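Down below is the structure, laid out as structure tokens.
The values are calculated or read from the model by the stated rules, or taken from the named source; none is laboratory data. It should be emphasised that the depicted structure is a prediction, and the values quoted were computed from it without experimental measurement. Methodologically, a virtual Cβ is constructed for each residue, glycine included, from the backbone with ideal geometry; neighbour enumeration extends over all protein chains shown. Side chains are part of the model used for accessible areas, which takes the heavy atoms of the whole protein and leaves out ligands, DNA and RNA. Shrake-Rupley method; radii C 1.70, N 1.55, O 1.52, S 1.80 Å.
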Amino acid sequence: GYASAPLRTFAAAFVPARTKLVTTASASAGAPYLRAHDAFEVRPSTRRYVSRARTEDYEAYKLKQGMLLTPSSGRNLGPIAYVGELLSRFAMTDILRIVPRDKSVGFYLLAYLLTPTGQALVRRGRTGTTVDHLAPDDVLGMPVVQLPETMKKRVVDAIRTAEERLDGARLRLDQLELELHNLIGLKLPPPKGKVIVQLPLYRSNQALDI
């Protein structure tokens, strides 16, 4: 068989504390906020926004490109999401973030964690009695099989291409949706006390306080 090394050899992992985060309905307040399960939607959207002014360590909640996401609690542990351009617009709390040391490592870890072996290892690390939990140390201790470099490169190249196409398709769908909305001329009433501002590449319009 092939040699393995713990995941902490290749990445860090953490879950931001939720107690300090404040959300609001005003899009001008800060980054759009996603609940944990929303990260795995094909086209995630939200009507809540993180208050930049009222949230301590605001930047810590924002997703960064190249991160891998997996639920830290709940009945459905195991799903993995890659943070591309679209997801990097959002902020989140109750989700475990894996931060690879570089992009190639991130794509290899993504491919590995999506395999039945990777999924079994993620679920094996769960704790809790009524609600399952997954801590950063549980993930960082998982063994990661190391393929020969030529094989690993093929895996990395394939998953990189797939993720870039998926991310590009999501962004294009958002753009086309906005273009169609502008063409057909529907004037949707803004929420009370807010004015709608249309921005390219966002699935929903931004609402600003007036």
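Given the Cα-Cα distance of Val22 and Arg101 and 0.36 nm per residue of separation, how much length would full extension add, in nm?
The Val22-Arg101 span can extend by a further 25.4 nm.
Measuring from label point to label point, each 7 Å out along Cα→Cβ, what is the Met151 to Ala120 span in nm?
1.7 nm
How are the Cα pair distances of region 87-178 distributed, in percent, across 5 Å bins from 0?
With a bin width of 5 Å, the distribution comes to 2, 11, 17, 19, 19, 15, 10, 5, 2, 0.
Counting only protein heavy atoms, what percent of the accessible surface of region 16-144 is carbon or sulfur at a 1.4 Å probe?
Details: 2970 of 6010 Å².
About 49 percent, which is the carbon plus sulfur part of the accessible surface.
Whole-Hz ³J(HN,Hα) for each residue in region 4-15, computed from phi via Karplus 6.51 cos²θ - 1.76 cosθ + 1.60 with θ = phi - 60°, x for glycine and proline: what do you get?
My calculation for region 4-15 gives 9, 9, x, 4, 4, 5, 10, 7, 9, 8, 7, 10 Hz in order.
Quick one: check the C-alpha center-to-center distance for region 70-91 versus region 5-31, whole angstrom.
Spelled out, the Cα-based centre of one part sits 10 Å from the other.
Tally Lys and Arg at +1 and Asp and Glu at -1 over the other residues with C-beta under 14 Å from the C-beta of Asp157: what net charge comes out? Display every interim value, and only then the final one.
Working: positive: Lys103, Lys152, Lys153, Arg154, Arg160, Arg165; negative: Glu149, Glu163, Glu164.
Neighbour charge sum, excluding Asp157 itself: +3.
Averaged per residue, what accessible surface does region 20-114 expose to a 1.4 Å probe, in Å²?
Working: 4010 Å² over 95 residues.
About 42 Å² of surface per residue is accessible.
Starting from the residue with the highest accessible area, list Met142, Met151 in decreasing order, probe 1.4 Å. Let's see the in-between values first.
Details: Met142 10, Met151 60 Å².
Correct descending sequence by accessible area is Met151, Met142.
How much net charge surrounds Gly168 when only the other residues with a Cβ under 14 Å from the Cβ of Gly168 are counted, with Lys and Arg +1 and Asp and Glu -1?
Combined, the nearby Lys, Arg, Asp and Glu give 0.
In whole Hz and in residue order, list the ³J(HN,Hα) couplings for region 71-77 that follow from phi through the Karplus curve 6.51 cos²θ - 1.76 cosθ + 1.60, θ = phi - 60°; x for Gly and Pro.
x, 9, 7, x, 8, 10, 6
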